Every structure is written in structure tokens, then in C-alpha cells.
Amino acid sequence: MATTKQFDCPGCSAQLEYDPSAQAQTCPYCGHVAQVQIGAEAQAEAVAELDFHEYLSKAAEAEDTVDQVTVSCMACSAQTTLEPNVTSTECPFCGTQIVAQGESKRVIKPKALLAFSIPKDQAATLWREWIAGLWFAPGKLKSDAKKADKLSGMYMPYWTYDADTHSYYTGQKGRHKWKKRGGQKVMEVKWKYVEGNVDKSFDDVLVLGSESVPNKHANGLRPWDLENLVPYDDSYLSGFRAEAYQTDLEAGFGKAKDEMDTKVRKKVRQRIGGDVQTITSLQTSYENITFKHILLPLWISAYRFNDKVYQYLVNGRTGKIRGDRPYSWVKISLTVLAALVVIAIAILLMIKLRVIRFR
């Protein structure tokens, strides 16, 4: 069974942790710094694309797999790794307490990652500033924001896909025509049947391999500087956790095709031209499909309010923030009540002034 890799400090034997500020492993006790060594061959392998169909055909015997020990949250089904010697923890995705009962499963090994460059204290500051700017936020939310340890550093699983697409379409091109009818100008659409082909190539279509984070928030954290990917190394994960992918390679490409289809349709409409377009049919073939499995860094906090989970995500590279927020209906009600009192006082003053005026 796979175990969590540990890194002993050569100075004091404590555990080294990756420090985003130093961009190296450091010892929190004696200050020893250990640089992550990356060779040119490893760097080239990190950005290399793997053949999608070839990989699926021999997935069971693939060399690029690894046994990964994860713990599962019974509340939200997130599957994450644990730090060494930790026996219980709080799920970073929903806040539920987890007792460590690890299970091993074979997964595709990540080829590359973007290391954290935003340290925890900076992420906590950005998080607190974001929460402080929320109107009508519950008081407990703002008090919890003072606890920086509520943020968990998490490497999230992603797939990237490349593909060349060839699409045959049929549809109609519409031209606006103005005609006089009943003494008035009326716009009509004159339609013309069209058909044709469009080709489009896609590079690094990004698909989240997790179901623990809403896509709307994950997409809101873009862009990612994928040009700075480094080869996967356990050293980068020391002091952090990683989530195992729940969306596998094949299902991930299904999601990538949805994104590709949106852009193909946009190109088809441009090709059709006219004032308005209708796509009657669209048949797309995909060739030269390649992929990478990568990890991207997020700072995550989960907050429970009235039995509902709210997540806050901080991009570990840029500091960009996305998340849900609860509202304090007590604060909203008091504000509305105060506004009504002010309006009532203003009306009474106006009435009183009118009475005085007509005496």
C-alpha cells in the first residue's frame, strides 16, 4: 500500500514543508532550506502530451499510474490525501470532521503542477479582506475569517486536452429586410440554406477532475499560467494536501468536448455570416487527441451556516478569490426596519410641517 512521503530535515530531523515564499522546502524549526531539483529531461517530460486513445487502450498496464492513499469525506465524498501522522482532520470542502481511514487506489500519476506562490498568510489576508467587504454577512463568518488556519492548501486535479476538430454543418443564413406593411416599416428575415466545413485546433482545454468544487467557482479562478508548469515532485506537496480526481480521463474529455463544441459553434456562425444564423446539424470529428494530468494550487475554506456549506477559494498563484456567501437575515431585517423607521419619521416631520404651515 502506498504511504505519504515524508521529508526529514538534515539539520534537526523535523519535517520539511514547501514554502511558497521561498519557492523551496524549508524547516519550520531550524530554517534549513532545500531547493527542489528539476532536470531538463524531467521538465520536458512534464509538458509532454500523452496520446488519449493509446492510453485508454492499455490503461490497465500503464506505467504512469500510482497507488494513492486517500481519505473520503462521508458528507461531500471528497477524496483527499492527509499530511503525515495526522489521524483526524476537517474536510476542507465542507467542514465535516474526518477520521483517517485511508484506502489505496490506482490512479493516473500527475505529470506536472503549478506550485503555490501565494503563502498562507497572504491568502488569509486576501480572504479576510474579501469577507470584510461583504454586506450583511453573518457575524460568525467574519469572526471565523480571523482564524487563518481555516484555510487549507490543496492541490486540485485537472486534465488538459489538445485536439484537432473537423466539423460539417448545415444551417440557414438570415438577412434582415425592411418592408412596408400597412404604412409601417416591418423587419423580416430572408433565409438561405447553407452548408460547409470548419476546422479548429484546441490547446490545453482545462477540465477540473474534482466534483467537490463548483465549476462556476473553479472557472472564475482562471486564468492559470500553464506555461510555468513544473514536473510533478512529492517535494511540492510537503505541507499541503491533494485531492484525487473523481472525473476520470474519459469522462474529462466528454466535458472538454462540451467546451470545444461551444467554440466550434461560434466559428460556424461566423462562417455562415449574415445577420442571424441557425445551425440545423453539426457533426464534429476529433483527431490527434492528447492529454496531461496536472495539479493546480488552491487555498480553500468551508463554512457551514444554517446547515448549508459555503466554499471560499483562493487561487494559489494569483490570489484571485471566488466563493459563495451566506446572508444574515437578522442584519437585513434590522436594516429594513431601520430604513422604515427613518421613512416614518420623515413622513411625520413633513406632516407636522404642513400642519404648522396652515395654522
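Read-outs: derived from the displayed coordinates by stated rules, not from any lab. These numbers were taken from a predicted model, which means no experiment stands behind them. Positions of Cβ are generated from backbone atoms using ideal geometry, with glycine treated the same way; all protein chains shown enter the neighbour counts.
A few points about this structure:
- Stretching ALA24 away from SER72 to a fully extended chain increases their span by 14.3 nm, per 0.36 nm per residue minus the current alpha-carbon distance.
- Modelled spin labels at GLU259 and GLU129, positioned 7 Å past Cα toward Cβ, are 2.8 nm from each other.
- Sorted on the mean count of surrounding Cβ atoms within 10 Å across their residues, most packed first, peptides 223-234, 342-353 read 223-234, 342-353.
- Normalised by the number of residues in region 202-283, the mean separation of alpha-carbon contacts (under 8 Å, six or more apart) gives a relative contact order of 45 percent.
- Length released on extending from VAL36 to ASP225, taking residue separation times 0.36 nm less the Cα-Cα span: 66.1 nm
- Taking label points 7 Å from Cα along the Cα-to-Cβ direction, LEU348 and ASP51 give a separation of 8.4 nm.
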